[in-house]
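Okay, so here's the structure we're looking at.
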Amino acid sequence: MNRVEARVGRWARVGRRVPGWVADAALGLLMGAGVLGRGLDEARSPVVPVAALLAAAGVGLWRRLPSAALALACGAGVLVTALRMAEPGLVAVGLTGYRVGVVSGRRTVLRSGTAAVVGLSAGVPLAEAAVGANSAEGPLLLIAVLAAALAGGNGVRGRRAVEVARRERERRQAAEQRLHIARELHDSVGHHIAVINVQAGVASLHLRSRPEQAEEALEHVQHAARTVLGELTAVLGVLRDPDGRDAGEEPVRPPAGLADLERLVADARTAGMRVESSVSGEPRELPPAVGLSAYRVIQESLTNAGKHGSRHGVVRLRLSYRPDELCIDVQNRAARPPGRVNGPGGSADSPSGYGLAGMAERVAAVGGTLHAGPRGGAEFGVLARLPTGGEESGG
């Protein structure tokens with residue numbers, strides 16, 4: 001059994017290396033030889049060579065020129081049916097009809113099928129009258145085979161199209177999920193890494209002269225590191241389990257929102273930033289996607305202010321709740337000329353390149369707008385407007 005399987009495998013590999021046109025030509029020659037053999041045995045030589053040539057050409061061209069191949073196969077089918085040896089014609093018509101169905105749309109299939117049916121219906125009686133024969137089934141068997149082949153081929157085409165669409169949808173969803181994970185890691189982990197970097201510098205500076213302040217800074221480093229580990233655990237948990245829960249583990253905590261804003265501002269102040277925050281309007285519960293986007297915009301703005309802003313400047317954070325939108329305005333003094341992002345999608349030219357672009361994508365995803373760039377010389381500002389769906393959006 002193993003020897004047989006090995007031989008079959010070798011022949012299959014050889015078959016894959018043979019060019020398609022060579023296989024088609026061999027199949028066409030085989031079909032023509034079959035028609036000649038049947039016709040010569042029945043001593044109908046005047047018409048047989050024409051039928052053999054049409055059948056060979058039709059089968060030989062079935063993949064390269066499907067419509068022309070179908071026309072030639074129908075011609076061969078008409079002649080062999082008149083000669084009462086319909087089997088080669090059925091094979092040629094079925095093979096070429098299937099190919100037309102696979103590669104053509106429904107309109108083309110209908111046009112080709114209608115033309116072929118008309119040709120077979122008119123051609124078989126004429127050919128029978130010419131050779132003085134009368135077949136019992138006439139063109140009906142050829143038409144039935146043609147219809148089945150066209151329908152079967154077009155059905156295969158439809159299933160292939162559905163499969164291609166499914167794979168493309170899965171590929172797009174995977175790309176979107178990777179982008180989402182990258183955003184989450186950049187926004188959440190990047191912020192706390194910046195805090196760790198600042199506090200580690202503070203600890204190194206005061207390690208000998210003011211050990212109590214260095215100890216406090218190291219405590220902040222430890223807290224930020226634990227937070228980073230928690231964020232990474234949450235993201236990895238989602239990757240392991242699409243439902244957000246592994247067997248025997250606690251569910252992943254809900255996404256961040258403005259309810260965590262006080263902690264976020266406190267962390268920034270702990271990192272040595274001077275943050276002034278204010279809220280106007282009536283605070284209300286936001287849709288989860290809007291709340292997460294707002295939180296990430298503020299988080300990334302504070303992170304950028306800590307990285308690229310003046311050490312002695314003040315970061316001003318203003319939240320304005322309006323009837324149909326939430327306005328976020330973050331402004332700080334920049335240590336060097338920053339980049340700019342404008343519009344719903346925007347383009348980023350920030351020192352890191354990814355932060356502003358990520359904010360623009362988040363805001364655009366919920367239908368908002370983002371404007372980020374220099375304001376009046378050394379100032380840098382981020383202004384985000386997020387739609388909340390009206391006052392009733394708070395539930």
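Here are the numbers for the structure shown:
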{"item": "L110 being in a helix (DSSP H, G or I) and over 15 Å from L61 (Cα atoms)", "result": "yes"}
{"item": "Residue list for the range 47-62, restricted to those being within 21 Å of S104 (Cβ to Cβ) and either of a type in the set (V, I, T) or touching a strand residue (DSSP E or B) at 6+ places or on another chain (Cβ under 8 Å) (or both)", "result": "V59"}
{"item": "Answer from A33, A115, A57, A73 - the residue that is in a helix (DSSP H, G or I), over 40 Å from the mean Cα position of the chain (by Cα) and at pLDDT 85 or above", "result": "A73"}
{"item": "Residue within the range 330-349 that is farther than 19 Å from A294 by Cβ, modelled with pLDDT of 75 or more and in a loop (DSSP other than H, G, I, E, B) present", "result": "no"}
{"item": "Extreme residue, modelled with the highest pLDDT, among residues of the range 250-303 that are more than 29 Å from the chain's Cα centre (by Cα) and within 17 Å of V366 (Cβ to Cβ)", "result": "I298"}
{"item": "The range 60-70, subset part of a helix (DSSP H, G or I) and not hydroxyl-bearing (S, T, Y), residue nearest to G123 (Cα to Cα)", "result": "L70"}
{"item": "Number of positions in the range 73-84 that are crowded, with 24+ Cβ neighbours inside 10 Å and either within 22 Å of R106 (Cα to Cα) or of a type in the set (D, E, K, R) (or both)", "result": "2"}
{"item": "For A365: the one exception among (1) open to solvent by 70 Å² or more (accessible area, probe 1.4 Å); (2) at pLDDT below 50; (3) under 25 Å from the mean Cα position of the chain (by Cα)", "result": "(2)"}
{"item": "Any hit, the range 85-94, residues being in contact (Cβ under 8 Å) with a residue 60 or more places away in the chain, open to solvent by less than 40 Å² (accessible area, probe 1.4 Å) and part of a helix (DSSP H, G or I)", "result": "yes"}
{"item": "Condition check for G15: of a type in the set (G, A, S), open to solvent by less than 30 Å² (accessible area, probe 1.4 Å) and either at pLDDT 80 or above or farther than 21 Å from P139 by Cβ (or both)", "result": "no"}
{"item": "Single condition H220 does not satisfy, out of (1) over 22 Å from G313 (Cβ atoms); (2) modelled with pLDDT under 75; (3) not in a loop (DSSP other than H, G, I, E, B)", "result": "(1)"}
{"item": "Among (1) in contact with a helix residue (DSSP H, G or I) (Cβ under 6 Å, 6 or more places away or on another chain); (2) of a type in the set (A, V, I, L, M, F, W, C); (3) at pLDDT 85 or above, the one test that A82 misses", "result": "(3)"}
{"item": "Output for the range 117-166, where each listed residue is basic (K, R) and within 23 Å of L95 (Cα to Cα)", "result": "R157, R159, R160"}
{"item": "Scan of the range 110-142 for residues that are open to solvent by less than 20 Å² (accessible area, probe 1.4 Å) and β-branched (V, I, T), ordered by number", "result": "V124"}
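The values are calculated or read from the model by the stated rules, or taken from the named source; none is laboratory data. Keep in mind the model is a prediction, meaning the values are calculated, not measured. Note: ideal-geometry Cβ built from the backbone for every residue, glycine included; neighbour counts use all protein chains shown. Heads up: the accessible areas ignore ligands, DNA and RNA and are worked out on the full protein's heavy atoms, side chains in. Shrake-Rupley method; radii C 1.70, N 1.55, O 1.52, S 1.80 Å.
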